[in-house]
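Following: one structure in structure tokens, then a few remarks.
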2 protein chains.
Amino acid sequence: MRTLLLTPGPLTTSDRTRAAMARDWGSRDGDFLVMSERVRARLLALSGAGAATHVAVPVQGSGTFAVEAAVQTLVPRGAKLLVLVNGAYGRRVAEIARRLGRVVATLEVPEDEAVEPAAVDRALAADPAITDVVLVHLETTSGLLNPLAGVAAVVRAQGRRLLVDAIGSLGAVPIPDGLPFAALVGSANKGLEGVPGLAFVVAERARLAASAGNAAGLSLDLHAQWQGFEREGGQWRFTPPTHAVAALDAALDQLDEEGGVRAREARYRRNCATLVAGMRMLGFDPYLPDALQGPVIATFRAPSGGGWFNFGQLYGYLRERGVVIYPGKLTAEPSFRIGCIGAVDEADMRRVLALVKGFVAAHRRAAQAAAETG
Amino acid sequence: MRTLLLTPGPLTTSDRTRAAMARDWGSRDGDFLVMSERVRARLLALSGAGAATHVAVPVQGSGTFAVEAAVQTLVPRGAKLLVLVNGAYGRRVAEIARRLGRVVATLEVPEDEAVEPAAVDRALAADPAITDVVLVHLETTSGLLNPLAGVAAVVRAQGRRLLVDAIGSLGAVPIPDGLPFAALVGSANKGLEGVPGLAFVVAERARLAASAGNAAGLSLDLHAQWQGFEREGGQWRFTPPTHAVAALDAALDQLDEEGGVRAREARYRRNCATLVAGMRMLGFDPYLPDALQGPVIATFRAPSGGGWFNFGQLYGYLRERGVVIYPGKLTAEPSFRIGCIGAVDEADMRRVLALVKGFVAAHRRAAQAAAETG
């Protein structure tokens, strides 16, 4: 039986996506340049933005690399960012911006609550020095989906610029058409179901054009990366992860064939609903209220009265049986997480639930026996 | 017939190396952490340094990302670098260091001449402010192999630190055991014959330990990346290119089986000698004197009296017949390049030579016919 990754990226990819890595590509050869340009056009379309106003710029590395490229290139030195924080990824953006010497304010809300557009509105009204706002669309710390359209409307009304960390959401949740954003950051190995090693920023052309010289270094200079593509017709400045680009191109074919992001979201939501309902029956309460639960990853609290429960044992039990979940928690409270994304369906979720059920039965019994003898 | 990449990375990988990408890995799962640590240990060994003094730190992205991580982390602000330049990659290191606000001096020599240790000695003696020296070991602009051991000895005698860009050389040319270096930068997709998307720095432990806070950003902070591995037993701070790590691990198995770097160098040298001799017979003079020619890539001048010759036509002719060479030149003078590295042997080189011969015959004939009728 195949190993399932139920992690929030890297994730389980399809055989077809991995098969796309079975050949080598010359990174400056015409065939590869055509593929790169096709992938760029598809990423732009997924962001809901048009080619007249926005452009997709791939970045080598993980999603964090692209977040850092966007912040250091698109947010001028001396600008002030408001980072909206309800999890580890929001905190990371704030850390990146501080490390880059930008002035950073944060609006922090508890990890099991959504960022409220009204609160953002108040924060912006109170501080006219803020030029840029950063929202993590889907905070994979908990799996919470923040209200992107509402926050974007407030930011626009206040005349500030919006940067969206859509690493967790892109492909899994539709981005509204024509959303006003200066930058939207995504990664190949989340809802797009590619392999890790490749990320990207969809950036506003005017903003990008005005950003020469903002970046501290060369590798993550998004302006220079963009200029490279524009000047040389799809050429990357520095060696691209050719196999990861080919895998993403194949993964995007499959996204189209599935019916696009809405169809994929529906599959992920079925996965997540199956998982959450089943886990609830087994005594694991979801960390988030249903209304805030995004379709990407679910966080569960340790069972109540669960002195018998040890996460490391659950992880190992599942691992031995071919299912890899995320080892360790990111929320402030004790919890663990199981991903709902990737090339997986409800049957896979039922397979996991059956295993968790077996684990619970065995460990409850063992704890009970120990209590009786002890 | 399989497509050959005769480019200086990405290059032709073996079927076995690409097959290692046929499964997904949980990036925080035990199996992957063990593989990551094994790869780190193997990279350290390839650098000729010991675990007591040095440590290997992988970096997501291309080789340039790792160069930038090494420079911004290991060279303190206010330090002065001497960059030894005889090609585009030396110029790139200087550009990176300048962008990062370091004080940069360069020692430039023509692209078809090696950096001379005596000249480095004089430059260091003349400028005691220089703390760090950067050498590109194998300058893939031309294919020239610089005298690493000689430069290292001079740098050590002068009490400065050496950073080696070994991206072009590692795996293809042995690094002397116990070479005194502060950093040695390599990439997965050159002489190690892995896939692109993964690079690394072998760094002096003492230097790395003293470098906290030097880096401008988060993603390319080599100190923080190292601390992540050390604290968490092989965990990458940010999502690693799991498939590229697996491919490199498989590629390193094959390097061992081939007999290590000396055996691989011998194969590459045979490839290169076959190529250079054959091209010479076809009227293409090598750009470098034989004594400076490294075993990685050969640069050729356009043929003399070659009004009939057009590189774009040669590129397209080979491309249609399944051979991808590097499209475009990097040297200041008109030239083109053909790689000798990757999972290729002398028979592959003879295949290329037969194609070039066919191209030359057809195009000379066509030019002659045009001259007669014109």
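The values are calculated or read from the model by the stated rules, or taken from the named source; none is laboratory data. Just so it is clear, the model here is predicted, and its values are computed rather than measured. Glycine gets a Cβ as well: all are built from the backbone with ideal geometry, and neighbour counts include every protein chain shown. These accessible areas exclude ligands, DNA and RNA; they are computed on the full protein's heavy atoms, side chains included. Shrake-Rupley method; radii C 1.70, N 1.55, O 1.52, S 1.80 Å.
Considering only residues that are under 22 Å from A:Y326 (Cβ atoms) and more than 7 Å from chain A (Cβ to nearest Cβ), which ones fall in region B:24-47?
Across region B:24-47, the qualifying residues are B:G30, B:D31, B:F32, B:L33, B:V34, B:M35, B:S36, B:E37.
Within the bounds of region A:265-283, is there any residue that is assigned to a loop (DSSP other than H, G, I, E, B), within 24 Å of the chain's Cα centre (by Cα) and at pLDDT 95 or above?
no
Take the residues of region B:229-242 that are open to solvent by less than 30 Å² (accessible area, probe 1.4 Å) and closer than 24 Å to A:D221 by Cβ: which is farthest from the other protein chains (Cβ to nearest Cβ)?
Filtering first and then ranking leaves B:W236.
Does region B:57-74 contain any residue that is more than 20 Å from the chain's Cα centre (by Cα), at pLDDT 95 or above and part of a loop (DSSP other than H, G, I, E, B)?
Scanning region B:57-74 turns up no residue that is more than 20 Å from the chain's Cα centre (by Cα), at pLDDT 95 or above and part of a loop (DSSP other than H, G, I, E, B).
Looking at A:A291 and the list (1) modelled with pLDDT of 95 or more; (2) more than 21 Å from A:I167 (Cα to Cα); (3) surrounded by fewer than 19 Cβ atoms within 10 Å (Cβ to Cβ); (4) of a type outside the set (S, T, N, Q), which single condition is not satisfied?
A:A291 satisfies all of (1) modelled with pLDDT of 95 or more; (2) more than 21 Å from A:I167 (Cα to Cα); (3) surrounded by fewer than 19 Cβ atoms within 10 Å (Cβ to Cβ); (4) of a type outside the set (S, T, N, Q) except (2).
Considering only residues of region B:48-92 that are β-branched (V, I, T) and facing chain A (nearest Cβ under 10 Å), which is surrounded by the most Cβ atoms within 10 Å (Cβ to Cβ)?
Ranking the candidates gives B:V71 first.
Please verify whether B:L255 is modelled with pLDDT of 95 or more, of a type in the set (A, V, I, L, M) and either open to solvent by 30 Å² or more (accessible area, probe 1.4 Å) or within 30 Å of B:G26 (Cα to Cα) (or both), treating the condition exactly as stated.
Answer is yes for this residue.
Among the strands (runs of 3 or more DSSP E) confined wholly to region B:295-374, which include 3 or more residues that are in contact with a Leu (Cβ under 6 Å, 6 or more places away or on another chain)?
Per the criteria, B:323-325.
Can you tell me which residue in region B:1-23 is nearest to A:T12 (Cα to Cα), limited to those that are outside any loop (DSSP other than H, G, I, E, B) and facing chain A (nearest Cβ under 7 Å)?
In this case the residue turns out to be B:R18.
Here's a check for you: in region A:205-217, which residue that is of a type in the set (A, V, I, L, M) and open to solvent by 10 Å² or more (accessible area, probe 1.4 Å) is nearest to A:I96 (Cα to Cα)?
If we take residues in region A:205-217 being of a type in the set (A, V, I, L, M) and open to solvent by 10 Å² or more (accessible area, probe 1.4 Å), then A:A216 is nearest to A:I96 (Cα to Cα).
Within region A:309-342, track down each residue that is out of contact with any strand residue (DSSP E or B) (no Cβ under 9 Å at 6 or more places or on another chain), open to solvent by 30 Å² or more (accessible area, probe 1.4 Å) and within 13 Å of chain B (Cβ to nearest Cβ).
A:G312, A:E320
For A:V109, which of the numbered conditions (1) open to solvent by 10 Å² or more (accessible area, probe 1.4 Å); (2) in contact (Cβ under 8 Å) with a residue 12 or more places away in the chain; (3) of a type in the set (A, V, I, L, M, F, W, C); (4) more than 30 Å from A:C272 (Cα to Cα) fails to hold?
Failed condition: (4).
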